[in-house]
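Q: Quick one: structure below, then a few questions.
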Amino acid sequence: MEEVKQIVNNIRNGIISPIYFLMGDEPYFIDKIAEFIGDSILTDEEKGFNQMVLYGKEVSLEQVLANAKRYPMMSERQVVIVKEAQHLSRTIEGLCSYAENPQTSTVLVFCYKYKKLDKRKKLHKTLRNNHHIIFESKKLYDNQVSDWIRLTLKNKGYTISHKASVLLVEYLGTDLSRINNELEKLQLVLPKNTEITPDLIERHIGISKDYNNFELKKAIGERNIVKATRIINYFSQNPRDNPFVVTVSLLHTFFTQLLQYHGLSDHSPKNVASALRINPYFVGEYQVASRNYPMKRVSRIISYLREMDLKGKGVGAYNSTQSDLLKELLVKII
């Protein structure tokens, strides 16, 4: 993200703000910025007396500010990082007076995860008007995560095939911290300049390159009953690695997007990718699926998927195994 790069580059160049308010739904970027601040501003010798990590669950805002108002010892600055700061949400507006007149030798960092400041309230305006850093960490869309994976690996000296990056997203979702952990595992065992392929992911992470929700979705879109049945049989034998509710959720997303596709007047690849928020690489799958599943059929399938989601959670399917539910799901769709 460009905003993250800007914050990091400014700190590297000595442009440091008294307050960094890091908020939003994607914890990965919040953690990375806080980690960078903790690693970069003070030397190892200075950190012993001048770097403090507090937790919002364990302290009050008054205690945070009391620490922020201290003077550093044998250092130009001190760093105070408040993790889990969202637990201070009831009193966070009390930060206003400090933000108007901060201790300039203190770098105060709030990791305010899964919440955002109300832009209409005084604190947001005060932080902005006093040139403190407000960073909102937003969840990436599915079609953005593959690009993020490629860029992250490129910066570490690796490349990844498109299918391999899609496989990671399909299996791990959009949790960037979880994906990053798996990428770090690969970097431990693979030399730099390696292209990461589905085979390498299967070997080192354990994600099957042939039997996964990505391949199931593609087989269903193509009405390839033999392939879809083979995948579903594999899922039935490995239920822990392939939860039914995850399969239903991904298929529901796919058919909802397919319904949107049918409603588009412009089916050019660029417009489809933009409207459905998918990677252009997948547009062909929707073109094929739209020929196999007319709009009315897609509407019925979405209804079936909602019904199957409830069954997967135990509503109206008390004696059904995952194998039973998967077979019923495939029959209802195809």
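None of the figures in this text is laboratory data; all of them are computed from the coordinates on show. Note that this is a predicted model, so its numbers are computed, not measured. Cβ: placed from backbone, ideal geometry, glycine included. Neighbour counts: every protein chain shown.
Q: Calculate one ³J(HN,Hα) per residue across segment 103-120 by plugging θ = phi - 60° into the Karplus curve 6.51 cos²θ - 1.76 cosθ + 1.60, and present them in order as whole Hz with x for glycine and proline.
A: Couplings: 6, 5, 8, 10, 9, 9, 10, 10, 9, 9, 7, 6, 9, 9, 6, 6, 4, 7 Hz.
Q: Let me ask you something else. Explain nothing, just the number: dipole magnitude of segment 213-333 about its Cα centre with +1 on each Lys and Arg Cβ and -1 on each Asp and Glu Cβ, in debye rounded to the nearest 20.
A: Computed about the Cα centre, the dipole is about 180 debye.
Q: Related question: Rank-order 253-260, 189-196 by packing density, defined as the average count of other C-beta atoms within 10 Å over each peptide's residues, highest first.
A: 253-260, 189-196
Q: Kindly provide the chymotrypsin sites (Phe, Trp or Tyr not before Pro) of segment 65-142 that DSSP labels as loop, not H, G, I, E or B, and whose Cβ sees at most 14 other Cβ atoms within 10 Å.
A: The qualifying sites are Tyr114, Tyr141.
Q: Using modelled backbone amide H atoms (1.01 Å from N, in-plane), which distant-in-sequence or interchain residues come within less than 5 Å of Ile19's amide H?
A: Placed amide hydrogens put Leu108, Ile133 under 5 Å from Ile19.
Q: Dipole magnitude of the chain about its Cα centre, charges +1 at Lys/Arg Cβ and -1 at Asp/Glu Cβ only, in debye to the nearest 20?
A: Values: 47 positive and 37 negative charges, 204 e Å.
Charge dipole, the chain, about its Cα centre: 980 debye, nearest 20.
Q: Okay, next question. How many angstrom separate the Cα center of segment 19-67 from the Cα center of segment 118-136?
A: Rounded to whole Å, the Cα centres lie 18 Å apart.
Q: Over the Cα atoms of the chain, how large are the radius of gyration and the largest Cα-Cα distance (Dmax), in Å?
A: 24.5, 72
Q: I would also like to ask the following. What is the gain in length, in nm to one decimal, between Glu184 and Tyr281 on full extension, counting 0.36 nm per residue of separation less the C-alpha to C-alpha distance?
A: Net length gain for the segment: 32.4 nm.
Q: Please list, by residue number, every one of the trypsin sites (Lys or Arg not before Pro) in segment 275-334 that is coil in DSSP and has at most 13 other beta-carbon atoms within 10 Å.
A: Arg277, Lys313
Q: Given R₀ = 41 Å, what would the calculated FRET efficiency be for Arg291 paired with Ser89, taking r from the Cβ atoms and rounding to 0.05?
A: The formula returns an efficiency of 0.25 here.
Q: Please name whichever of Tyr55, Asn193, Gln287 sits farthest to the positive end of the charge dipole of the chain, dipole taken about the Cα centre and charges placed at Cβ: Lys and Arg +1, Asp and Glu -1.
A: Gln287
Q: Also: How many nm is it between the label spots at Lys115 and Lys5, if each spot is 7 Å from the Cα in line with the beta carbon?
A: Result: 3.2 nm between the two label points.
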